[in-house]
Amino acid sequence: MQLVKTGLCAFGMSGKIFHAPFLKEHPGFLLSAIVERSKEESNEKYPEATIYRSVEEMLQHADIELVVVNTPVKTHFEYVKMALEAGKNVIVEKPFTVNVAEAEGLVKLAEEKSLFLSVYQNRRFDRDYLQVQKIMNEGKLGDIKEAEIRFDRFRTEPSGKAHKENPEATGSGSLHDLGSHLIDQATQYFGLPEKLFADVFSMKGKDFANDYFEIVLYYQNNLRVRLKSSVFTKEAHYAYAIHGEKGSFLQERTDNQENELAAGAIPEYGKEWTKPLKEADGILNFLNENKETERMLASSEPGNYMNYYQQIYEFIVFGYALPSPAEEIIKNMKIIDAALESSDAQKVVYM
């Protein structure tokens, strides 16, 4: 197979869990460079990768064609720009950038350089997201009238991660973090809304970045979509509630890839590597063709983050569709910017 030599800009949680294991196991990639500023933790599992002490050093000396920018969001613009100017294709972690202006600037630069730029929207490969997509595509719910997507946690104590919790840190807070997933899923399901209203603030208090948000997306066909996240949710809600003219579908958030990877699971190429569900994770209730109620439990099929890297490889080698191209993710950044504006002004903002 054609080998795509790849460099990783950081070896923190994101590098260890979401990127390095897949780059190692996929036969089409060679993880040949990793940035570790002071440690050498990657040596144990990835001895074939040369360690560099800065992104600048890696870009200057490493023999790579693809760079994964998985550093804190406030650095994304700088490092993506640097990689593109060095002639490298780029994968950048969500939420892409801090704001729309930065995102548009990077998309323009990638086009000028004839390089590709993809945003790592891995939650498109979660089993729960894919199950909701499947149910809606089957048409059993009819025209969708209302939807709610949640990503809740119970994390009431500070994490100590300043780049995520310091209210003065650019791009910090749940809206840029978890919100980038929910917004991406909403736009994948329903497209860009006409307008929105948002409530974004910190339940922990003014010394912390936002840890709660609720965004109502308004669509022209009388559809309402609510996106919500809180860190004070001890008892889980259904992560997805989809209501249409013919029925409803409720889906739990059951994808466990992140936890399994953190526990040491190996994402074997070409195989289902996640643990099977022990019980159903959804409820489908709809009117059939005879207008009779059918209510049943549903079980989602396994998700696989390897499919993201498989799509990247197929784009490079065969010219297939690029997963989550940066120009597509600009609309997500527009929603984040609009949500902050709406919350600050306490008003509806048109897109």
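The values are calculated or read from the model by the stated rules, or taken from the named source; none is laboratory data. Just so you know, these numbers come straight off a predicted model, no measurement behind them. All Cβ positions, even for glycine, are placed from backbone atoms using ideal geometry, and neighbour counts span all protein chains on display. Note: accessible area is taken over every heavy atom of the protein model, side chains too, but ligands, DNA and RNA are not part of it. Shrake-Rupley method; radii C 1.70, N 1.55, O 1.52, S 1.80 Å.
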Pairs of Cα atoms under 8 Å, at least six residues apart: use those to get the relative contact order of the chain, whole percent. 19 percent
0 to 90° range, to nearest 10: angle between helix 100-113 axis and the chain longest Cα axis: 50 degrees
Using a Gaussian network model of the chain with C-alpha springs under 10 Å, which one of Leu115, Leu182, Leu31 is most mobile by mean-square fluctuation? Leu115
If one compares the long axis through the Cα atoms of helix 178-190 with the longest principal axis of the Cα atoms of the chain, the angle in degrees, nearest 10, works out at 60 degrees
Could you order peptides 139-148, 124-133 by the average number of other Cβ atoms within 10 Å of their residues, highest first? 124-133, 139-148
Measure off, as a whole percent, the carbon and sulfur share of the 1.4 Å-probe accessible area of the chain, all protein chains present. 46 percent
Alpha-carbon Debye profile of the chain, log10 I(q)/I(0) at 0.06, 0.07, 0.09 Å⁻¹: -0.22, -0.31, -0.51
At a probe radius of 1.4 Å, what is the per-residue accessible area of Glu258, in Å² to the nearest 10? 50 Å²
Under the rule rounded for a/c under 1.5, else prolate if a/b exceeds b/c, else oblate, using alpha carbon gyration tensor axes a ≥ b ≥ c, the stretch 159-315 is classed as oblate
Once you've got the GNM for the chain with C-alpha springs shorter than 10 Å, pick whichever of Gly160, Gly270, Gly191 has the biggest mean-square fluctuation. Gly160
Accessible-area order for Lys275, Lys228, largest to smallest, probe 1.4 angstrom, reads Lys275, Lys228
Pick from Lys271, Lys88, Lys164: which residue has the top mean-square fluctuation in a GNM of the chain where Cα pairs under 10 Å get a spring? Lys271
Return a whole-number percent for the relative contact order of the stretch 227-335, with Cα pairs under 8 Å and 6 or more residues apart as the contact set. 18 percent
